[in-house]
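This report refers to the structure that appears directly beneath it.
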Amino acid sequence: MEISALYHRPDSEMAYLKTKDAFQIRLRTKHSDVKEVKLLYGDPYGNKVNEKDESTWEHDVILMEKTFETKYHDYWETEVKMPLNRLQYAFHLVGNDGEEILYDDRRVMPYTEENEDKLSCFRMPYLHEIDRVKTPEWVKKTVWYQIFPERFANGDKTNDPTGTLPWGSADPTPTNFFGGDLKGILDHLDYLQDLGVNGLYLCPIFTATSNHKYDTVDYFGIDPAFGDKETFKELVDAAHERGMHVMLDAVFNHMGDFSIQWKDVQKYGENSRFAKWFHINKFPVSYDETENAEHAKNLTYEVFATTPHMPKLNTANEETAEYLLEIAQYWIKEFDIDAWRLDVANEIDHHFWKRFYAATHELKSDFYVLGEVWHSAQEWVEQEEFDAVMNYPFTESIALDFVKHETTAKEMVSMLSEHLMKYRDQTNEVMLNAMDTHDTARLLTLCHGNKKLQRQTLAFMFTQPGAPCVYYGTEVGLDGGFDPGCRKCMIWDEEKQDHEMFAFMQKLIKLRKDYADIWSKGKVEYRNVCDETNSLEVVRSFDGVELHCFFNMGEKALEAPCFGEVLLGQNLKNDKVEKDGFIIVKK
């Protein structure tokens, strides 16, 4: 047995209170190295008077289940219930080579009854419900729809910026405007309801100079080109009436250089009342321009990336923090929003995010805080900072096999499994899964216009844990390369819309909502993963119901290993699943 591959850490994603009554425990071993794992667990005291009592520890034994396999590791899981909310435990492993060991908090030793009496167990002294990671239940039943407001719909031409172009008359650039606004979204709520989505994720709507609005000038104001607060309130209320939740996008990492705070710093230097609001290394603030307006050299202050127009905020400064926390609460109090999506969230201190989470949940206990983090995010979701993050590592792993064919089916499953094991189940249930966003090329373009491949990839994403998100226009065939190409105007001309794609997305979204508990909370199994045919089966089960999903990413038609009531499928012919095909059945 490869002892060095063993890994467990109490009070983490490997040992945590999953529900009020169930405690989940995980163990990692080397792949295909261990035949059996038993968990030895019980109350730390049992029949003992106290910890110094040397009498035998009373404990139970339960067989752990191997739930996920990766290229290098296997993961074992089980759940236990502790009536007195105290727990200590150790592992009894049997290797494929016949070796038996005990693994506890301090050492690994051969398995014997004598050594079992010498265990120094992993310990969870008391399981506090208040410490349990809790995520909003409504998110687990949500299908998000992401809107880039400037490009969704022009509902009010009276607020169009100077130089606004006719809708869809040109390719998107970083500087052109087409007049999209809040009234345009409000006018199309019936359309979105017909599509089936029940969560609206809006890119920034606050006062800013750009078309993307990530260079905030005033966090308390709606950008005049988007409308006013009355229109936004009407939009939120109308969405809520339709059972939709609303998530706003904000940037607290940096401000736009047209903000009054930064203008004051430019004018008064170190004597500005806002001098400590930013990370300034030398006064006066300055930089050297380059041919690219978004890239500067020799900056005397810190910024987002290398753009001189987005000075970085100092959230460790109390006055700055209080200002941003007031903003966080303002849009909840005044407009009843349900969630914040936080841009560049990984570059802000943890101390601030803890305060942010507390401030939002003080007003709404089921508020949803979503951080933009493009990498592993345990630091933020293991404590009360974010409920979830943009799940880019997960969805990018899907694209590597389905779309780019850079990995095999087994390699993809390995990456997906490894990623799921980084987080508690309740966190995985509310991760935001998107195959494309305003920051990526659109899926249809990545698929080189292959709409069947696009549909197959989306179907696979919808079968995975986490809340799926549809980027505006996906449902009608909108394509586009990387930013700014992915920010094209929405297609409203019905003759140019892909009605077949719209009908497919309606069915896919309905399937997700009809079986929401299974997709979000159900057990995940990757079966029949085959590199030779580049195919796999995903089995999701919950409360006695099983959904079997088979995907063929290869070239040859294959017989599906699952039978039952067909809920959704594509490229099915003569009882076989052809290339770019899939089938989802209920057993």
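Structure summary
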item: Point-to-point label distance, residue 62-residue 234, nm (Cα→Cβ direction, 7 Å offset); result: 5.5 nm
item: Solvent accessible area, Å² - residue 355, 1.4 Å probe, full protein context; result: 70 Å²
item: List 8, 351, 212, ordered by accessible area with a 1.4 Å probe, largest first; result: 351, 212, 8
item: Burial ranking of peptide ranges 137-143, 31-37 (average Cβ count within 10 Å, highest at the top); result: 137-143, 31-37
item: Structure-derived semi-axes √(5λ) of the Cα gyration tensor in Å: which label, when the choices are [x] 52, 28, 21; [y] 42, 27, 26; [z] 44, 33, 21; result: [z]
item: Estimated FRET transfer efficiency when R0 is 56 angstrom, pair residue 9-residue 160 (beta carbons, to 0.05); result: 0.50
item: Helical contribution to [θ] at 222 nm, DSSP H n ≥ 4, -39,500 (n - 2.57), averaged over the chain, rounded to 500; result: -7000 deg cm²/dmol
item: Exposure rank, largest accessible area first [526, 368; 1.4 Å]; result: 526, 368
item: Estimated dipole of the chain in Debye, rounded to 20 [Cβ of Lys and Arg +1, of Asp and Glu -1, Cα centre]; result: 460 debye
item: Residue 35 versus residue 450: modelled label distance in nm, points set 7 Å from Cα along the beta carbon direction; result: 4.4 nm
item: Relative contact order (%) - the chain, alpha-carbon pairs under 8 angstrom, separation at least six; result: 11 percent
item: Candidate lysines - alpha carbon under 23 Å from residue 282, same-chain residues fewer than 8 apart omitted; result: 263, 267, 297, 312
item: Estimated FRET transfer efficiency (residue 500, residue 587; beta-carbon r; R0 25 Å; 0.05); result: 0.30
item: Among 110-123, 148-161, the order from most to least packed when residues are scored by Cβ within 10 Å on average; result: 148-161, 110-123
item: Virtual spin-label span in nm between residue 273 and residue 574, 7 Å along Cα→Cβ; result: 7.9 nm
item: Nearest-10 value in Å² for the accessible area of residue 274, using the 1.4 Å probe; result: 20 Å²
item: Portion, in percent, of the accessible area of segment 521-584 that falls on carbon or sulfur, probe 1.4 Å; result: 45 percent
item: Exposure rank, largest accessible area first [20, 213; 1.4 Å]; result: 20, 213
item: Difference of contour (0.36 nm per residue) and Cα-Cα distance, residue 108 to residue 18; result: 29.7 nm
item: Rounded accessible area of residue 287 (nearest 10 Å², 1.4 Å probe); result: 80 Å²
item: Entries in 20/333; 141/496; 38/118; 213/451 that, when Cα-Cα distance is taken, lie over 26 Å; result: 20/333; 141/496; 213/451
item: Student exercise, segment 65-146 dipole from Lys, Arg, Asp, Glu Cβ charges, in Debye to nearest 20; result: 680 debye
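The values are calculated or read from the model by the stated rules, or taken from the named source; none is laboratory data. This structure is a prediction, so every number in the text was calculated from the model and none was measured. FYI the Cβ positions are ideal-geometry reconstructions off the backbone, even for glycines, and counts take in every protein chain you see. In case anyone asks, the SASA skips ligands and DNA or RNA and just uses the protein heavy atoms, side chains included. Shrake-Rupley method; radii C 1.70, N 1.55, O 1.52, S 1.80 Å.
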